[in-house]
Amino acid sequence: MAELKLPKGEKSVKLFLSGNEAIARGGYEYGATFAAAYPGTPSTEILENLTSYEEIYAEWSTNEKVALEVGLGASLAGSRVIVAMKHVGVNVAADPLFTAAYTGVNGGFLLVSADDPTMHSSQNEQDNRNVAPFAKIPMLEPSDSQEAKDLVGQGFEISEKFDTPVLIRITTRIAHGKGLVHCQERQQPPELDYKKDAAKYCMLPAFARQRRLVIEERTARLQEFSENFPYNKIEWGSKDVGIITSGISYQYAKEVFGDSASYLKLTLTWPLPEKMIREFAAKVNKIYVIEELDPYLETQIRALGVEVIGKDVIPNMFELSAEILRERILGQKLPEQELDVPIPPRPPVLCAGCPHRPVFYILKKMKVPVMGDIGCYGLAVPPPLEAVDTTVCMGASITMAHGFQKASSWLGTNKKAVGVIGDSTFFHSGMTGLADLVFNKGASAVLVLDNRTTAMTGHQPHPGSGITAKGEPTQEIKIEDVVRSMGVEDVAVVDAYDLDGAEKAIRHALDFDGPSVVIFRRACALLKGLPKLPPLQIDQEKCTKCHICLSTGCPALVHHPDKSVTIDTDACTGCTVCAQVCPFDAIVEVGGEVLG
Amino acid sequence: MLLLKLGVRFLAKVTNVLLVGVGGQGTLLAARILSGVLQQGGYDVKMSEVHGMSQRGGSVVTFVRYGDRIYSPLVEKGTADLILSFEKMEALRWLPYLKPGGTVVVNDFALLPAPVLMGKAEYPYNALEILKEQAETLIVLDAAKVAMEEAGNIRTQNVALLGALASHMDIDTEIWQQVIRESVPPKTVEANLKAFAAGGQQH
């Protein structure tokens, strides 16, 4: 992250930045003093990089709704604010967002939504461009890292000038794609005093109705503004084909059509510059709207009475690419090598030593419905663990287990259900669900996998970590204290590596007639600075090749063509879970026999 | 300080490189060094990768494209000039991206994927022979051996592989050395420079 600092004495420097790094850099250059986010791929690195600037307060908030509200408060206090989240996080933050559109802001307020077409690391593929007209806030779409940085500055100005939150919408290829960016010194942010103004900030019905009118008037002014916004621009080439596009789709279009087409590249994509679109349309013979996911531009452009070709040829799902455009529009396919060798898939797996593994190994044996959550434990869905029944959204484990158990009881089928949730996810949106379960006399077992970090997104701290985003020590909230204070009487804290102890605790929780919580505490095996445990090996004399150890799915266990199994001692973390499941005591510490 | 061979710079419009391997193998640092070198070389560069789930032992790819002006950050199938693979089977998986006449640099190293570890699928142990038939130029490097024997540090494998890649790119060695110096931990600079040099000579 040090690379984001300008060398001493330099006025400008070209840095190779991802879109996320560029947005953080933009925050620095254009005077942001405040940032809040909840981690989520592909948005995480925005806040991670913002924490490296001492001029900017930055926090990991407990969830996206909290981040947006914290950011709104900071804006009222006069800060320029960046709030960042993945696309589904915007659903969580939608409540304050839709009313922040009414209150407006004081310091410039940017919400960055990082969408994930193709769902590289997400549970759904929503096109958050639709949020802009829905919430009635202006939207900017960068097409590369340079624009990602520039639009932070433009966004702050639009936000302050039009008194509105601004949505910056990026996608995975912008967020994680790197390119060269001209970077400059930090500009001083404007000094903005807080003024009490109930008619603006208290959205009681009478005031809200007045602000509703303000939004319409603001949108009309923004529409005018978008006609002359320099980042909405026309690039003339051949006038046979006109292409209207935005964001990453612009790059794919340029890659394929080069100068053989003219482009209307839209950057302020709500509200759209209608005059500009009509004028462009009038000068070209045929128009393609090239956009990823929904026909967002297409629907609005068609509503202007402009005839275009769009989703009739371009898919409305998954990532777009130059290849798809070449094939669908030009009917061209580049020659590619064909192989008839079967290549085994290489799916991601729970790491060697992952403390989630023993819990799911036990749950699989129990054949109880397991309501899962969002995190690394998604990797317990595929074989060999196959231990999870549902994965929907952050927090849905506890609540779905409660609903399932209640309905089963109501219907007389009397099935118990287990909710499995991570520590960061518990603080994100598990607590309200647990309160519901206690309040409504639920009897589900809730298993909290406390691996001391937000693991899947790369180890961000959370309220239970005892450390802030800026690396300062802070109060550590203990999950068992939270759970007990909510009135759960049956609470156990268990070491996840203790297979017998874990199984007993789960069986007890399932038998218990009332809310029961088991906290499995063991740090993520990838966390730095953990004590090293001795690796294990398999005593081939004792091994019967029964392969029970393989059913744990640990990637340190190697199955050979002769059916024998060995342990990759470089990968093994010494968690001993495989040794505990081995019925023949064939798995021992490396050198263990010698040491006795 | 433009140490590039100018002829190449103006002839080659866009060059496409794939760095492929397994999450956790260090493809990322290699891609960063490569991009840094290309930036120093005065090119427009774009690099694209996906973080998240794939880090947990999954198949990973980083696209690097460079030239006078780069638009798409993604490499299209059948257009890669170079594929640098940190693992044998991954080279096969990404082979459809190689353009006719393209070069494959592959680490002579097998990392078994979960279905093979569990005995549910077979590893293509003849990967190198298949690659030999399919790629016009194939460079095989035992990066672990080079890292241990020539550089004395097993963690220099990715830089050894970059050495092999560099021998098929027209960029001055001094630029590579400078970027490696700036990118690796200070204590390992000498070992990495040795690995880079040895990687370039081992074939």
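Of the set (1) under 17 Å from residue A:326 (Cβ atoms); (2) away from every other protein chain (no Cβ under 14 Å); (3) among the acidic types (Asp, Glu), all apply to residue A:216 but (1).
Would you confirm whether or not the stretch A:298-306 contains a residue that is away from chain B (no Cβ under 14 Å), among the polar types (S, T, N, Q), in contact (Cβ under 8 Å) with a residue 12 or more places away in the chain and in a loop (DSSP other than H, G, I, E, B)? Let's see the steps before the verdict.
At the first step, the residues of the stretch A:298-306 found to be away from chain B (no Cβ under 14 Å) are A:298-306.
Subsequent filtering for residues that are among the polar types (S, T, N, Q) retains A:299-300.
Add one more test, that the residue is in contact (Cβ under 8 Å) with a residue 12 or more places away in the chain, and what stays is A:300.
Cutting the leftovers down to in a loop (DSSP other than H, G, I, E, B) gives us none.
Taking every residue of the stretch A:298-306 in turn, none turns out to be away from chain B (no Cβ under 14 Å), among the polar types (S, T, N, Q), in contact (Cβ under 8 Å) with a residue 12 or more places away in the chain and in a loop (DSSP other than H, G, I, E, B).
Taken as a whole, the structure leaves residue A:555 outside the set of residues that are assigned by TED's automatic domain parsing to the domain that holds residue A:590, in a loop (DSSP other than H, G, I, E, B), touching an Asp or Glu at 6+ places or on another chain (Cβ under 9 Å) and free of Cβ contacts under 8 Å to residues at least 12 places away in the same chain.
Taken together, B:135, B:127 contain a single residue that is under 23 Å from residue B:24 (Cβ atoms) and either within 13 Å of chain A (Cβ to nearest Cβ) or not hydrophobic (A, V, I, L, M, F, W, C) (or both), which is B:127.
How many residues are on the phi > 0 side of the Ramachandran plot and either in the same structural domain as residue A:589 (by TED's automatic domain parsing) or β-branched (Val, Ile, Thr) (or both) when one looks only at the stretch A:523-552? Spell out the reasoning first.
Going through the stretch A:523-552, the residues on the phi > 0 side of the Ramachandran plot turn out to be A:529, A:545, A:547.
Next cut, either in the same structural domain as residue A:589 (by TED's automatic domain parsing) or β-branched (Val, Ile, Thr) (or both) only: A:545, A:547.
Qualifying residue count for the region: 2.
In the set (1) modelled with pLDDT of 95 or more; (2) at the interface with chain A (Cβ under 7 Å from one of its Cβ atoms); (3) crowded, with 21+ Cβ neighbours inside 10 Å, the condition left unmet by residue B:44 is number (3).
Residues that are in contact with a Phe, Trp or Tyr (Cβ under 8 Å, 6 or more places away or on another chain) and part of a strand (DSSP E or B) within the stretch A:455-492 comprise A:460, A:490, listed in sequence order. Based on this model, can you work out whether residue B:83 counts as more than 7 Å from chain A (Cβ to nearest Cβ), buried (at least 23 other Cβ atoms within 10 Å of the Cβ) and more than 21 Å from residue B:200 (Cα to Cα)? So residue B:83 fails the test. Considering the stretch A:324-353, and only residues there that are in contact (Cβ under 8 Å) with a residue 12 or more places away in the chain and assigned to a loop (DSSP other than H, G, I, E, B), the residue that is farthest from the other protein chains (Cβ to nearest Cβ) turns out to be A:353.
List the strands (runs of 3 or more DSSP E) inside the stretch A:197-283, counting only whole elements, that have at least 1 residues being assigned by TED's automatic domain parsing to the domain that holds residue A:179 and either at pLDDT below 95 or more than 30 Å from residue A:177 (Cα to Cα) (or both).
Values: elements: A:233-235, A:241-246, A:262-266, A:268-270.
Here the list is empty.
Annotation: of all residues in the stretch A:163-185 being away from chain B (no Cβ under 14 Å) and closer than 27 Å to residue A:266 by Cα, the one that is modelled with the lowest pLDDT is A:184.
Give the residue, chosen from A:371, A:394, A:366, that is buried (at least 24 other Cβ atoms within 10 Å of the Cβ), in contact (Cβ under 8 Å) with a residue 60 or more places away in the chain and of a type outside the set (Lys, Arg).
On the way: A:371 fails: in contact (Cβ under 8 Å) with a residue 60 or more places away in the chain; A:366 fails: buried (at least 24 other Cβ atoms within 10 Å of the Cβ).
Within the list A:371, A:394, A:366, the selection yields A:394.
Annotation note: of A:159, A:143, the sole residue that is polar (S, T, N, Q) and over 13 Å from residue A:72 (Cβ atoms) is A:143. When the test is whether a residue is closer than 26 Å to residue A:207 by Cβ and within 16 Å of the chain's Cα centre (by Cα), residue A:76 does not pass it.
The values are calculated or read from the model by the stated rules, or taken from the named source; none is laboratory data. Just so we're clear, the structure is a prediction, and the values are computed from it rather than from any experiment. Positions of Cβ are generated from backbone atoms using ideal geometry, with glycine treated the same way; all protein chains shown enter the neighbour counts.
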